[in-house]
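Engineer: Structure provided below as structure tokens; questions to follow.
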Amino acid sequence: MTKLAQWLWALALLGSAWAALTMGALGLELPSPCREILWPLPAYLLVSAGCYALGTVGYRVATFHDCEDAARELQSQIQEARADLTRRGLRF
Amino acid sequence: MATGTDQVVGLGLVAVSLIIFTYYTAWVILLPFIDSEHVIHKFFLPRAYAVAIPLAAGLLLLLCVGLFITYIMLKKQRVTKKAQ
């Protein structure tokens, strides 16, 4: 089974479980706070996943190790290459 | 370690994501267990907005992505037409 099929399968299972519980199709009398938490659960999971992604990106941006020397060397190499190519007739 | 603006932006993103996460968790998970007479409920909108606002934001994001793609495709078409 492909990864996409696996993900869709899992989503369908969890989605149907959530739908069955929210609409009371199983005949379980859940206490009121549990029902209050259950119906926004998909939205909550999406928002938390988004927050996790945003936080991870921000953290990795903040803790990324800069290499000042390598950056300067790369810039000078870029200038050299541009000069060389313009001399050979390439238009930028 | 990253320097200057990188650190500020990165830590800003982390802070924003933590704030959103704690507020949203309190709204969806904690509030149903607190007495409806408690003063904390004043800080949170009615529960229906807990789904409506992320849904609207998601649709807005899709709209922006779609507009951006349309803009890029139109620009590309105009460039190829001028080159012909």
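The values are calculated or read from the model by the stated rules, or taken from the named source; none is laboratory data. Since the model is a prediction, treat every value here as computed from it, not as a measurement. Counting neighbours? That spans all protein chains shown, and the Cβs are built from the backbone with ideal geometry, glycine included.
Each row is one residue, and each column tells you yes or no for (1) at negative phi; (2) surrounded by 13 or more Cβ atoms within 10 Å (Cβ to Cβ); (3) out of contact with any Lys or Arg (no Cβ under 7 Å at 6 or more places or on another chain); (4) at pLDDT 95 or above.
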| residue | (1), (2), (3), (4) |
| --- | --- |
| B:GLN7 | yes, yes, yes, no |
| B:VAL14 | yes, yes, yes, yes |
| B:VAL28 | yes, yes, yes, no |
| B:PHE43 | yes, no, yes, no |
| B:GLY58 | yes, yes, yes, no |
| B:LEU63 | yes, no, yes, yes |
| B:LYS75 | yes, no, yes, no |
| B:VAL79 | yes, no, yes, no |
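Engineer: Going residue by residue through the stretch B:21-31, is there one that turns out to be out of contact with any Asp or Glu (no Cβ under 9 Å at 6 or more places or on another chain), closer than 20 Å to A:LEU41 by Cβ and not in a helix (DSSP H, G or I)?
Structural biologist: No, the stretch B:21-31 has no match at all.
Engineer: Looking only at the stretch A:5-26, decide whether some residue is among the aromatic types (Phe, Trp, Tyr), farther than 23 Å from B:GLY12 by Cβ, exposed (fewer than 12 other Cβ atoms within 10 Å of the Cβ) and without any contact (Cβ under 8 Å) to a residue 12 or more places away in the chain. Before you say what the answer is, go through the steps one by one.
Structural biologist: First, the residues of the stretch A:5-26 that are among the aromatic types (Phe, Trp, Tyr): A:7, A:9, A:18.
Add one more test, that the residue is farther than 23 Å from B:GLY12 by Cβ, and what stays is A:7, A:9, A:18.
Still in the list and also exposed (fewer than 12 other Cβ atoms within 10 Å of the Cβ): A:7, A:9.
Narrowing further to those that are without any contact (Cβ under 8 Å) to a residue 12 or more places away in the chain: A:7, A:9.
The answer is yes, given that some residue of the stretch A:5-26 is among the aromatic types (Phe, Trp, Tyr), farther than 23 Å from B:GLY12 by Cβ, exposed (fewer than 12 other Cβ atoms within 10 Å of the Cβ) and without any contact (Cβ under 8 Å) to a residue 12 or more places away in the chain.
Engineer: Can you say whether A:THR56 is out of contact with any Phe, Trp or Tyr (no Cβ under 8 Å at 6 or more places or on another chain), among the hydroxyl-bearing types (Ser, Thr, Tyr) and closer than 30 Å to B:VAL16 by Cβ, as far as the supplied structure shows?
Structural biologist: yes
Engineer: Now, a different point. Among residues belonging to the stretch B:17-50 that are facing another protein chain (nearest Cβ under 7 Å) and of a type in the set (A, V, I, L, M, F, W, C), point out the one that is nearest to the chain's Cα centre (by Cα).
Structural biologist: Looking at residues that are facing another protein chain (nearest Cβ under 7 Å) and of a type in the set (A, V, I, L, M, F, W, C), I get B:ILE20.
Engineer: Could you check the stretch A:61-92 and list, in sequence order, the residues that are in a helix (DSSP H, G or I) and surrounded by 13 or more Cβ atoms within 10 Å (Cβ to Cβ)?
Structural biologist: Across the stretch A:61-92, the qualifying residues are A:VAL61, A:ALA62.
Engineer: Would you please list the contacts, defined by Cβ atoms under 7 Å and residues six or more apart or on different chains, that run from a residue in the stretch A:59-71 that is modelled with pLDDT under 85 to a residue that is surrounded by 13 or more Cβ atoms within 10 Å (Cβ to Cβ)?
Structural biologist: A:ASP66/B:ALA2
Engineer: Under 7 Å between Cβ atoms, which residue pairs at least 6 apart in sequence (or on different chains) link something in the stretch A:29-47 that is over 12 Å from B:ALA50 (Cβ atoms) with a partner that is at pLDDT below 90 and buried (at least 17 other Cβ atoms within 10 Å of the Cβ)?
Structural biologist: Matching pairs, first to second residue: A:PRO33/B:PRO32; A:LEU38/A:LEU21.
Engineer: Now a separate question. Is it the case that A:ALA53 is in contact with a Ser or Thr (Cβ under 9 Å, 6 or more places away or on another chain), part of a helix (DSSP H, G or I) and exposed (fewer than 12 other Cβ atoms within 10 Å of the Cβ)?
Structural biologist: Against the criterion (in contact with a Ser or Thr (Cβ under 9 Å, 6 or more places away or on another chain), part of a helix (DSSP H, G or I) and exposed (fewer than 12 other Cβ atoms within 10 Å of the Cβ)), A:ALA53 qualifies.
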